[in-house]
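In what follows, a structure is listed as structure tokens, so that the remarks can point back to it.
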Amino acid sequence: MIYITGIGPGNMEGLTAEALSALRKCDIISGYKVYADLVKKFLPEKNFSVYPMRSEIERCEDALELSKNGKCAALISSGDPGVYGMAGLMLEIAKDSNEEIKIIPGVTAANSAAAILGAPLMNDYAVISLSDLMTSWEIILKRLKAACDGDFVICIYNPASRGRPKNFKKACEFLLKYKSPETPCGYVRNIKRENPEAEIMTLEKIRDCEKIDMLTTVIIGNSKTYVLNGKLITPRGYEI
């Protein structure tokens, strides 16, 4: 049995009851080291298989092998395992097996960041990753433009890293061709973890924000988004 489990933002309060139940049933919890360390804080008695970044295929293959040997394995992802997580890859790798696989949803980074910043996702929104490891930059720009054309609120995942420190700034400069410099935006860093940070600012200002990294989620408003009492709001359209 394999539970592909979303651990949410990584704290006990952000873990769903279903996810906690699945993790408690498992013999072994497998995951990227950062995520495994988060779960160890509230399930220290469990056995963990810890992996470095870019070992996704190995993680899935090992979880499948554990299941074939009669073990119950949990394959963990931050947020939701079906949103830039391990669910799709695990299903592909296990396609020819008869192992039982269950996907346990989790609270996404978009949901967690939105709750801290206010209510910016009250209308249609797009989630776009700026990681160009497996998606070309040309496709990423095409998706950003489509989101602008549709006036979607845009939630940015994987905005910048040591290997691609300028991707977020390049994306903002591209968005400024289609959006007002005064478009309300916000970022949340280390959501529900140690030393969290959050700030609301304009698109023009956030372009040069030096705190944006892989631990950050950014929300860029649409043409209706505004700031009220220090919170981002994208109105649904109710007449009040």
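Readers should treat all values here as calculations from the given coordinates under stated rules, not as data from a laboratory. Remember, it's a predicted structure, so these values are computed and weren't measured experimentally. Cβ: placed from backbone, ideal geometry, glycine included. Neighbour counts: every protein chain shown.
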**Message:** Given points 7 Å out from each Cα along the Cα-Cβ axis, report the S223 to A17 separation in nanometres with one decimal.
**Reply:** 4.4 nm
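Sum -39500 (n - 2.57) across every DSSP H segment of at least 4 residues in the chain, then divide by the residue count to get the 222 nm mean residue ellipticity, nearest 500.
Details: 8 runs with 72 residues, N = 240.
Per the formula, -8500 deg cm²/dmol.
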**Item:** Full-extension gain in nm, M201 to R54, via 0.36 nm per residue minus C-alpha separation
**Value:** 49.6 nm
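With +1 on each Lys and Arg Cβ and -1 on each Asp and Glu Cβ, and nothing else charged, work out how big the dipole of the chain is about its Cα centre, in Debye to the nearest 20.
420 debye
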**Message:** What does DSSP give for the chain in terms of the percent of beta bridges that are antiparallel, rounded to the nearest 5?
**Reply:** 45 percent
**Prompt:** Of A73, P184, I104, which is farthest along the charge dipole of the chain in the positive direction, counting Lys and Arg as +1 and Asp and Glu as -1 at C-beta?
**Reply:** P184
**Request:** At 7 Å along the Cα-to-beta-carbon direction for both T135 and E61, put a label point, then send me their distance in nm to one decimal.
**Result:** 2.7 nm
**Close Lys-Lys pairs in segment 80-232, where close means Cα under 16 Å and separation is 8 or more or interchain** = 19
**Asked** Suppose every K and R has +1 on its Cβ and every D and E has -1 on its Cβ; what is the size of the dipole of segment 35-145 about the Cα centre, in Debye to the nearest 20?
**Response** 280 debye
**Request:** Would you indicate which of (1) 62, 42, 28; (2) 57, 37, 33; (3) 60, 44, 41 is the value of Cα extents along the principal axes in Å derived from the coordinates of this structure?
**Result:** (2)
**Prompt:** To the nearest 0.05, what FRET efficiency results for K231 and D149 with a Förster distance of 41 Å applied to their C-beta separation?
**Reply:** 0.95
**Message:** Given R₀ = 41 Å, what would the calculated FRET efficiency be for E194 paired with K95, taking r from the Cβ atoms and rounding to 0.05?
**Reply:** 0.60
**Item:** Magnitude of the charge dipole, segment 71-110, Cβ model with Lys/Arg +1 and Asp/Glu -1, debye to 20
**Value:** 100 debye
**Fill in**
So K170 and F42, fully extended at 0.36 nm per residue minus their Cα-Cα distance, gain in nm 42.2 nm
**Asked** If you add up the charges near P9, with Lys and Arg at +1 and Asp and Glu at -1, over every other residue whose beta carbon is less than 15 angstrom from its beta carbon, what do you get?
**Response** -1
**Request:** Note down the net charge around D27, summing +1 for each Lys or Arg and -1 for each Asp or Glu among other residues with Cβ under 12 Å from its Cβ.
**Result:** +3
**Prompt:** Dipole of segment 95-221 (Lys/Arg Cβ +1, Asp/Glu Cβ -1, origin at the Cα centre): which of S136, I156, A114 lies farthest to the positive side?
**Reply:** S136
